[in-house]
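Visitor: Have a look at this one before I ask anything.
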Amino acid sequence: MTPRSASVNEELRRRSRERLLQATVELVGEHGYEATTLADIADRAGSARGLVSYYFPGKRQLLQSAVHRLMHQTLQAAVEREPRVEEGPERLARAIDAILGLAVDRPVLMRTHMAGILQAEGFVQCPEQQRLAFLLRDTLERFGSRDVDTDYPLLRAELMGAVFALLIPGAPMPLTRLRFELFEQYGLEWGLGVPPGGEPPGGTRSLRAAGHR
């Protein structure tokens, strides 16, 4: 049998890792973090249990990478959907709506993700997070940011804060209010992106004008 080339082995490793990340998103979303074991994830992915430890130091790091991958995929699909927009306010509006939409559609998964960031493990730097960061930075550049190194951490913090506010057990803030505040912050018209039904909070009050930063 001819030995597999390095490129084939790399592709097999990539696919194996992707299956583990997808299985993690599915299982944690279905059963919660505590009820999901690494063995469950390996079984769902069709992988050996040892591969989980090979790719990830622990379950919390695996979950963060899995959610970052989901966020990147969701954001990429939002900014690339038809009709495509290469730059400007519409692209940023789609990005904001994509992240807020994940909090609404997958509350268990996103609440668990946020809780992990606030715990001792902190924020996991991984390839999935780096791809997400690159896409958000690129969106800001296309929006017109003159200082992406300053604007990106602010956007990330604002999005994380909005997701947290949406997911507070027993006292969540309304999606329309949070979206309105974010859109006002960046001078985005309410009708951009994927607006929820009805008028923005405050009736037809227009958003304040804001120049690209």
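Visitor: Calculate the length of the line joining the C-alpha centroid of the stretch 71-96 to that of the stretch 34-65, in whole Å.
Guide: Between the Cα centres of the stretch 71-96 and the stretch 34-65 lies a distance of 31 Å.
Visitor: When the Karplus curve 6.51 cos²θ - 1.76 cosθ + 1.60 is applied with θ = phi - 60°, which whole-Hz ³J(HN,Hα) does each residue of the stretch 40-49 get, with x for Gly and Pro?
Guide: Each residue of the stretch 40-49 in turn: 4, 5, 4, 4, 4, 7, x, 10, 6, 4 Hz.
Visitor: Using the alpha carbon gyration tensor of the stretch 1-55, what are the three equivalent-ellipsoid semi-axes (square root of 5 times each eigenvalue), largest first, in whole Å?
Guide: 26, 10, 8
Visitor: With a Förster radius of 22 Å, plug the Cβ-Cβ distance of THR150 and LEU118 into 1/(1 + (r/R0)^6) and report the FRET value to the nearest 0.05.
Guide: 0.40
Visitor: Follow-up question, since we're still on this one. For the stretch 38-150, just list the percent of Cα-Cα distances falling in each 10 Å bin from zero outward, please.
Guide: Calculated P(r), rounded to whole percents: 13, 37, 33, 14, 3.
Visitor: How high is the relative contact order of the stretch 64-213? Use alpha-carbon pairs under 8 Å, at least six apart in sequence, and give a whole percent.
Guide: Answer for the stretch 64-213 is 30 percent.
Visitor: Which angle from 0 to 90°, rounded to the nearest 10, does the C-alpha axis of helix 6-31 make with the longest principal axis of the chain?
Guide: Between helix and principal axis, roughly 60 degrees.
Visitor: Sticking with this structure for a sec: Rounded to the nearest 10 degrees, what's the angle between the helix 175-185 long axis and the longest principal axis of the chain, both from Cα atoms, 0 to 90?
Guide: 70 degrees
Visitor: To continue, here is another question. Compute the normalised compactness of the chain: alpha-carbon radius of gyration over 2.2 N^0.38 Å, N being the residue count.
Guide: 1.13
Visitor: Could I ask something else about it? Quick one: Karplus J couplings for the stretch 86-98, per residue in order, coefficients 6.51, -1.76, 1.60, θ = phi - 60°, nearest Hz, x for Gly and Pro?
Guide: These are the phi-based 3J(HN,Hα) values: 8, 7, x, x, 4, 5, 5, 4, 4, 5, 4, 5, 5 Hz.
Visitor: OK, next. I need the phi-derived Karplus couplings for the stretch 149-163: 6.51 cos²θ - 1.76 cosθ + 1.60, θ = phi - 60°, integer Hz, Gly and Pro marked x.
Guide: Going residue by residue, I get 4, 8, 6, 5, x, 5, 4, 4, 5, 5, 5, 5, x, 5, 4 Hz, with x marking Gly and Pro.
Visitor: What percent do you get for the relative contact order of the stretch 1-155 when only Cα pairs under 8 Å and 6+ apart count?
Guide: For the stretch 1-155, the relative contact order is 24 percent.
Visitor: Starting from 0.36 nm per residue, how many nanometres of slack lie between LEU12 and ARG177 once their C-alpha separation is accounted for?
Guide: Here the answer is 54.9 nm.
FYI, it's all coordinate maths here, none of it is from the lab. Keep in mind that this is a model prediction, so the values were computed, not measured. For neighbour counting, all protein chains shown are included, and Cβ atoms are generated from backbone atoms with ideal geometry for every residue, glycine included.
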